[in-house]
Amino acid sequence: MEQAIVFAAQQFIGFELCKQLLNEGFEVIALEHEMMLDEQAEDKWLEIGRNANLSYEMINNSLQLNHPSYICFIPLYDLFIQRNNEIVEDWHKSFTTLYQMIESRVELIIFISPAQWRVNENTIYQEIKNELLQSTRKSHWIEFFLPTIYGPWQPNQFLFQQLINKQQQQNYIDDLEDALYIEDAVRTILDNTDVELYGETVLIESGHTDMWWKCVNYLNPTFQRKNQLESRKVEKISKKISVKENMSFEQALEKQKQHYFRK
């Protein structure tokens, strides 16, 4: 049985990683920071149900690792969603302390980052990644970049969810260039962790033109498109991979809507 450590395990990307890893038969250590917990946390674990292969810990606790090697998933994307430097900085401190204790067991690090950083975005996310890469020479790594991610449990910081719950705000954190259904995005990550990609920076994309706008137009045909915010592309993308869609974007958005109104 393979073993995985998932940080930000109750957040949007982290939770989907836990679900799919468990479905693949992994033993998963799910780590979370107490400042990132919300009222949805219990409902998420109920969705998974009892599973002997899942253990849940706070990031500031010491870990008992019983296996020689682990794949470590670090979804910086979920920290980006927080938009709260106090939380991110505290998470960074706790993460650094914990990682120093477990790094000898980490065989592969999977970073998951936003594909597009807004101008004037705090660079702490990049600092976390760079610090980790510099602190260890024992682990291989791959970094995946994702555009807007949508689906059940999408946070309200994204426009899609704002349109669904009729609480549209002036600000949203979407990448206006592309959009991926969360199950497809995470499945693509887990399918591409082979040694051939070690040390690579990989952009995951839909393979369709203007997918973000197609999704917005489906949710609200009267939505007025504004000019895209000035942004900068991530540096040194070495590969691009298109997801294999298990359903149309219309079906995926309907699943997000049904999930929200079922709560």
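The values are calculated or read from the model by the stated rules, or taken from the named source; none is laboratory data. Only a predicted model underlies this, so the values are computations on that prediction, with no experimental measurement involved. Every residue, glycine among them, receives a Cβ derived from its backbone with ideal geometry; neighbour counts consider all protein chains shown. What goes into the accessible areas is simple: the full protein's heavy atoms, side chains included, and nothing from ligands, DNA or RNA. Shrake-Rupley method; radii C 1.70, N 1.55, O 1.52, S 1.80 Å.
Table for the structure above
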{"read-out": "Global geometry of the stretch 27-104, whether rounded, prolate or oblate, following the gyration tensor of its Cα atoms and the 1.5 cut on a/c", "value": "oblate"}
{"read-out": "Relative contact order [Cα under 8 Å, 6+ residues apart], the stretch 1-133, whole percent", "value": "26"}
{"read-out": "Cα-projected label distance for Ile237 with Ala41, points at 7 Å along beta-carbon direction, nm", "value": "3.5"}
{"read-out": "Residue pairs, from the table Lys19/Lys44; Lys93/Lys236; Lys19/Lys93; Lys214/Lys255, whose Cα atoms sit over 18 Å apart", "value": "Lys93/Lys236; Lys19/Lys93"}
{"read-out": "Convex hull projection area averaged over all views, the chain, Cα basis, nm²", "value": "13.6"}
{"read-out": "Accessible area expressed per residue, the chain, with surrounding protein chains retained (probe 1.4 Å, Å²)", "value": "49"}
{"read-out": "Accessible carbon and sulfur surface of the stretch 1-160 relative to its total accessible area, %, 1.4 Å", "value": "42"}
{"read-out": "Residue among Lys226, Lys236, Lys93 with the largest mean-square fluctuation in a Gaussian network model of the chain, springs linking Cα atoms under 10 Å", "value": "Lys226"}
{"read-out": "Unit charges on C-beta of K, R, D, E only; dipole of the chain, Debye", "value": "460"}
{"read-out": "Positive-end residue of Val195, Leu98, Leu65, charge dipole of the chain with Cβ unit charges", "value": "Val195"}
{"read-out": "Sum of -39500 (n - 2.57) over DSSP H runs of 4+, divided by residues of the chain (222 nm, nearest 500)", "value": "-11000 deg cm²/dmol"}
{"read-out": "Cleavage-rule hits, trypsin sites (Lys or Arg not before Pro), the stretch 122-205, DSSP coil, Cβ neighbours within 10 Å at most 14", "value": "Arg137, Lys138, Lys166"}
{"read-out": "Order of exposure, largest accessible area first, which applies to Glu196, Glu177, Glu32 with probe 1.4 Å", "value": "Glu196, Glu177, Glu32"}
{"read-out": "Reach of Lys166 by Cα under 16 Å, taken over aspartates and glutamates that are not fewer than 8 positions away in the same chain", "value": "Glu254"}
{"read-out": "Cα-based helix-to-principal-axis angle, 124-135 vs the chain, degrees rounded to 10", "value": "30"}
{"read-out": "Cα→Cβ-extended label distance, 7 Å offset, between Lys226 and Glu24, nm", "value": "3.8"}
{"read-out": "Gap separating the Cα centres of the stretch 143-175 and the stretch 3-75, nearest whole Å", "value": "22"}
{"read-out": "Net +/- balance of residues flanking Asn192 in space, Cβ distance below 12 Å, scoring K and R +1, D and E -1", "value": "-1"}
{"read-out": "Contact order normalised by residue count of the stretch 99-219, Cα under 8 Å, 6+ apart, percent", "value": "30"}
{"read-out": "Antiparallel DSSP beta bridges within the chain, as percent of all bridges there, nearest 5", "value": "10"}
{"read-out": "Full-stretch length increase - Gln134, Ala52 - with 0.36 nm per residue and alpha-carbon distance subtracted", "value": "26.0 nm"}
{"read-out": "Whole-Hz couplings from phi, Karplus 6.51/-1.76/1.60, listed for the stretch 50-64; x for Gly and Pro", "value": "5, 8, 5, 8, 10, 10, 10, 9, 7, 5, 8, 8, 6, 10, 9"}
{"read-out": "Average Cα contact separation per residue, the chain, under 8 Å, 6 or more apart, as relative contact order %", "value": "17"}
